[in-house]
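The block underneath contains the structure these notes are about, expressed in structure tokens.
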């Protein structure tokens with residue numbers, strides 16, 4: 001039995017902001033514990049569908065998608081952690097982490113990809129941002145071309161961000177063919 | 001392909017304006033709050049625990065609203081179909097694209113929210129006038 005890898009000061013990112021904690025990648029899966037106690041995430045390797053790496057400002061981000069559609073992102077890895085962990089995950093969890101790229105061009109046009117609960121906005125095939133459809137309180141079609149999504153306002157959890165997302169809308173021109181005949185659009 | 005949109009060297013037309021070349025160029029911030037990066041003419045928005053950059057030329061308007069204790073910041077982006085937006089060229093270039101049109105944030109800090117709204121407005125005006133001058137000189 002290998003001990004696994006332990007990382008301090010790994011941020012769990014999500015709605016409401018980020019929280020620092022300790023992440024352990026072990027032979028049985030991945031576990032994260034919030035600094036100072038509180039939230040614990042314990043993922044069994046059998047439940048993991050996909051693992052991704054992404055370069056973010058000043059660090060690397062590990063994305064863990066579960067088979068039930070949940071998605072966790074852990075931020076704060078160094079470059080050398082990436083190769084070490086990639087090997088370890090391949091060997092012990094049996095998945096090869098894929099590399100995802102972050103779009104930093106600042107463009108507001110691209111495409112939408114929906115995978116499980118996550119809606120990703122891609123610019124030039126790179127990820128600009130993602131949101132969880134599980135947090136959407138309501139959606140509305142505005143006119144023929146605009147899709148509006150309102151997010152749950154969550155006052156109960158320890159939201160760490162100063163400015164929090166309330167709603168957003170996408171404009172899908174009639175020339176777009178991605179969503180033709182798709183009743184599952186956001 | 002949209003590979004052409006990520007042109008190298010100085011941007012020539014507004015449709016080619018890019019905020020950053022790679023993730024390391026983005027300013028780092030511990031706080032998840034709307035930021036304005038004057039140097040790179042970008043605004044950074046906190047979405048799901050990450051800072052997401054938008055070049056200020058994509059912004060059509062920004063407003064803030066305050067009532068009692070809540071404070072909201074609303075940003076509307078340029079989308080095709082509105083006349084005289086610098087993005088009309090893009091709707092021809094990327095006919096299949098989906099656009100982020102509008103985004104609203106709730107802010108805990110009214111002073112911060114009126115400050116960023118002012119900064120975005122000023123930066124937007126500055127970039128827009130420079131780009132229209134450049135376009136005039138080019139013709």
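Observations, loosely collected:
- Computed [θ] at 222 nm, helices only, for chain A once each DSSP H run of length n ≥ 4 contributes -39500 (n - 2.57): -2500 deg cm²/dmol
- The calculated pair-distance distribution of segment A:5-99 uses every alpha carbon pair, bins of 10 angstrom beginning at 0, and gives 17, 56, 26, 1 percent.
- Segment A:111-171: radius of gyration and largest Cα-Cα distance (Dmax), Å: 12.8, 38
- Point-to-point label distance, residue A:144-residue B:38, nm (Cα→Cβ direction, 7 Å offset): 4.5 nm
- Placing a label point 7 Å from the Cα of residue B:74 along the Cα-to-Cβ direction, the residues of segment B:100-137 with a backbone N closer than 12 Å are B:102-105.
- Label-point separation in nm, residue A:82 to residue B:125, each point 7 Å along Cα→Cβ: 4.2 nm
- Paramagnetic reach from residue A:96 (point 7 Å along Cα→Cβ, amide N under 16 Å) across segment A:29-63: A:50-53
- Projected label distance in nm at residue A:174 and residue A:114, using a 7 Å step from Cα toward the beta-carbon: 2.3 nm
- Axis of helix A:79-92 versus longest Cα principal axis of chain A: the two differ by about 80°, to the nearest ten degrees.
Values in this text are rule-based calculations from the coordinates and carry no lab data. A quick note: this is a predicted structure, and the numbers were derived from the prediction, not measured. Quick reminder, even Gly has a Cβ in these numbers, built from the backbone with ideal geometry, and neighbours come from all protein chains shown.
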